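Peer 1: The structure's right below; bear with me while I get my questions together.
The values are calculated or read from the model by the stated rules, or taken from the named source; none is laboratory data. Note that the coordinates shown come from a computational prediction; the quantities given were computed from them, not determined experimentally. Every residue, glycine among them, receives a Cβ derived from its backbone with ideal geometry; neighbour counts consider all protein chains shown. Areas reflect the complete protein model, heavy atoms only, side chains present, ligands, DNA and RNA absent. Shrake-Rupley method; radii C 1.70, N 1.55, O 1.52, S 1.80 Å.
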Amino acid sequence: MGRIKVILKRELAGYFATPIAAVFIVIFLLLSGAFTFYLGNFFVRGQADLIPFFDFHPWLYLVLIPALAMRLWAEERKEGTIEMLLTLPVTMWEVVVGKFLAAWVFTGIALALTFPMWITVNMLGNPDNGVIVASYLGSLLMAGGFLAIGSCMSALTKNQVIAFILSVVVGLAFVLSGFPMILNLFSGWTPHFILNAVSSFSFLTHFHSISKGVLDLRDIFFFVSLIAFWLFATATIIDMKKAE
Amino acid sequence: MGTMVDITGLRKEFGSIVAVDGVSFTVGQGEVLGFLGPNGAGKSTTMKMITGFLTPTGGTAKICGYDILEQPLEAKKRIGYLPEGAPAYQDMTPSAFLTFIGEMRGLSGEDLRKRVSGTVEKVNLQSVLEQPIETLSKGFKRRLGLAQAILHDPEVLILDEPTDGLDPNQKHEVRTLIRTMAPEKAIILSTHILEEVQAVCTRAMIIAKGKVVTDGTPADLEGQSPTHNTIVLTVRSGDVYAMQAQLAKIDGVKKVEEMGQDGEFTQFRIFPDPGRWIIADVGQCAREQQWEVAELQVERGQLDEVFRNLTAPKQALT
Ligand SMILES: Nc1ncnc2c1ncn2[C@@H]1O[C@H](COP(=O)(O)OP(=O)(O)OP(=O)(O)O)[C@@H](O)[C@H]1O
Ligand SMILES: [Mg+2]
């Protein structure tokens, strides 16, 4: 456990040692604010909740998280530091988990910095704060899902741009599979269970069900097992491709 | 002299390329083994397998009794490794980087601080401790790589081209450092500098095309040189043919070659019969003939010549 913490600490410090942290956080806050107020008609709706705010999170993450995750492994392989890292007395899963957790904690920090939004709704009315807490939790879990995908795509290539594009595409598949428009394409001609299977892999479906305030264990389990799957894939790919 | 590194039948294939082809050897405490070999011989690949970065296609390595494939953590704890090119996290400072390595190796608190500062002194990094690594010169980066390898005072040191990119003073310092650490450790280093082998290694191994072609002390290697124990004699030019004939008459001389003349002086190389020590006789001959001798010496043999003979592609027979 100790070594995971050491890796987490170094990676996290790395975000803040470069402009990445500032750029990511500022853009995240600006976009989530802009989406909520302009596109989400936050004021016009006249309701004290954060639904418009959270509704945009999947889309924000879709683009921003790959930008954060693309360097996780690609850079390590390009610079050759992976050779130094993996010849330290550490296991592959400790490294994979440590790096992932650092990125996740960082996303959590960015998410936590949206707290003025929460304060604002509480000043404007009486929102259901339980729902908001659940939504934050759901958003964080979903961010973990995007990050784990990004980690795996970053392991596939030394090229960060390719890693970025791959993560956006795979992330998009996981978002869209719950989108009504996409589901309509399938409905009618595919058996119901396939339709269910497709939508059950959707980030949207699970995120929406959590952000209604119902903390269903199945939704949490979905994200946790999705993260575990992609991290396992990351470790396998690194093991295969580290020599290149 | 306990065996600390035990390598058996190490083999690595990259697709159809066989990079390392059945390498076996052992290294004991106090030994400094120099890996020599042309580019692409498989030196780095061998080191990557010994340190557990690459999984061998066949064979394995035991570090202080721990198999790198079966007990990688125990084995890795005992190794300090400087990878080729001395990679390091570019946006960190040397001091943060070494602290990170120390923490990964389970050091903490006062112990960690002392190790870092002690190591920094050993490799002369004091002046750049707080400067981002990406702004360091090549030599400083290499020294940082060395520092990270020796930080935990490992029993086994694997150094891939440790003096590459260092200035002559630093090369000397690093070689001295390696020699002072040698008695307690088993050290394997790779190099393209043949004098380095003579300067620090107790044993030299030439690798070509993934195979070990010679393994012995640097002196053994010199002994394989065709010019080993030959006499070089430089005298004021006279009747070259007469001189050559005169020299060839000496007992124990196998062959005399004229190596060239520059108007004033002529140089001969005199090959002895195997096992004969003829420098005194050559000197005697020169005195008797009253030649004006400018130089008379025994050659130890050229390592680079041995290296070339063993590793250069054979010329096609015509
Ligand atoms: N990841 C890889 N994929 C394919 N081939 C590789 C890989 N790594 C090394 N090789 C090949 O294996 C051979 C041995 O390479 P290696 O780096 O071990 O040589 P070396 O002896 O260290 O050479 P140098 O003196 O140039 O450092 C080379 O032919 C190289 O091209
Ligand atoms: Mg090499």
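Peer 1: Checking residue B:2 against (1) open to solvent by 30 Å² or more (accessible area, probe 1.4 Å); (2) out of contact with any Gly (no Cβ under 8 Å at 6 or more places or on another chain), which test does it fail?
Peer 2: Residue B:2 satisfies all of (1) open to solvent by 30 Å² or more (accessible area, probe 1.4 Å); (2) out of contact with any Gly (no Cβ under 8 Å at 6 or more places or on another chain) except (2).
Peer 1: Return the only residue of B:283, B:216 being of a type outside the set (A, V, I, L, M, F, W, C), away from chain A (no Cβ under 14 Å), more than 16 Å from ligand 1 (Cβ to nearest atom) and under 30 Å from residue B:56 (Cα atoms).
Peer 2: Result of the check over B:283, B:216: B:216.
Peer 1: Continuing with the same structure: Can you name the helices (runs of 4 or more DSSP H) wholly within the range A:63-139 that have at least 1 residues being open to solvent by 10 Å² or more (accessible area, probe 1.4 Å) and within 14 Å of another protein chain (Cβ to nearest Cβ)?
Peer 2: Filter on the range A:63-139 gives A:71-79, A:81-86, A:92-112.
Peer 1: Checking the condition more than 30 Å from residue B:215 (Cβ to Cβ), in contact (Cβ under 8 Å) with a residue 40 or more places away in the chain and not aromatic (Phe, Trp, Tyr), which residue from B:293, B:298, B:240 passes?
Peer 2: Only one candidate passes the filter, namely B:293.
Peer 1: Assess whether residue B:150 counts as being away from ligand 2 (no atom under 16 Å from the Cβ), among the β-branched types (Val, Ile, Thr) and in contact (Cβ under 8 Å) with a residue 24 or more places away in the chain.
Peer 2: yes
Peer 1: So, residue B:152, is that one away from ligand 1 (no atom under 16 Å from the Cβ), within 14 Å of another protein chain (Cβ to nearest Cβ) and closer than 27 Å to residue B:93 by Cβ or not?
Peer 2: Criteria met by residue B:152.
Peer 1: Another question about this same structure. I'd like the residue in the range B:120-147 that is touching a residue at least 12 places away in the same chain (Cβ under 8 Å) and not in a helix (DSSP H, G or I) and, out of all such residues, is farthest from the other protein chains (Cβ to nearest Cβ).
Peer 2: Step by step, filter the range B:120-147, then rank; the result is B:124.
Peer 1: OK, next. For the range B:189-209, how many residues are within 16 Å of ligand 1 (Cβ to nearest atom) and farther than 24 Å from residue B:19 by Cα?
Peer 2: Count: 1.
Peer 1: Please name all residue pairs, on different chains or six or more residues apart, with Cβ atoms under 8 Å, provided the first residue is in the range B:182-210 and is without any contact (Cβ under 8 Å) to a residue 40 or more places away in the chain and the second residue is among the β-branched types (Val, Ile, Thr) and within 16 Å of ligand 1 (Cβ to nearest atom).
Peer 2: B:193/B:163
Peer 1: Turning to a different aspect of this structure: Here are B:313, B:226, B:272: which of them is surrounded by 16 or more Cβ atoms within 10 Å (Cβ to Cβ) and within 30 Å of the chain's Cα centre (by Cα)?
Peer 2: B:272 is the lone residue from the list that is surrounded by 16 or more Cβ atoms within 10 Å (Cβ to Cβ) and within 30 Å of the chain's Cα centre (by Cα).
Peer 1: Looking at (1) polar (S, T, N, Q); (2) over 30 Å from residue A:243 (Cα atoms); (3) open to solvent by 50 Å² or more (accessible area, probe 1.4 Å), which is the only condition residue A:190 fails?
Peer 2: Only one criterion is unmet by residue A:190, namely (3).
Peer 1: So, one more: Is it the case that the range A:219-232 has a residue that's of a type in the set (Val, Ile, Thr) and over 20 Å from the mean Cα position of the chain (by Cα)?
Peer 2: no
Peer 1: Residues that are within 13 Å of chain A (Cβ to nearest Cβ), more than 16 Å from ligand 1 (Cβ to nearest atom) and under 16 Å from residue B:151 (Cβ atoms): does the range B:46-66 have at least one?
Peer 2: No, the conditions are met nowhere in the range B:46-66.
Peer 1: Among the residues that make up the range B:23-43, is at least one of them over 26 Å from residue A:79 (Cβ atoms), more than 21 Å from the chain's Cα centre (by Cα) and among the hydrophobic types (A, V, I, L, M, F, W, C)?
Peer 2: Looking for residues that are over 26 Å from residue A:79 (Cβ atoms), more than 21 Å from the chain's Cα centre (by Cα) and among the hydrophobic types (A, V, I, L, M, F, W, C), one finds none in the range B:23-43, hence no.
Peer 1: Just one of A:164, A:221, A:193 is closer than 30 Å to residue A:129 by Cβ and either in a helix (DSSP H, G or I) or in contact (Cβ under 8 Å) with a residue 24 or more places away in the chain (or both); which is it?
Peer 2: A:221
Peer 1: Another question, if that's okay. Would you please list the contacts, defined by Cβ atoms under 6 Å and residues six or more apart or on different chains, that run from a residue in the range B:35-53 that is of a type in the set (Phe, Trp, Tyr) to a residue that is more than 9 Å from ligand 1 (Cβ to nearest atom) and not in a helix (DSSP H, G or I)?
Peer 2: B:35/B:205; B:53/A:87
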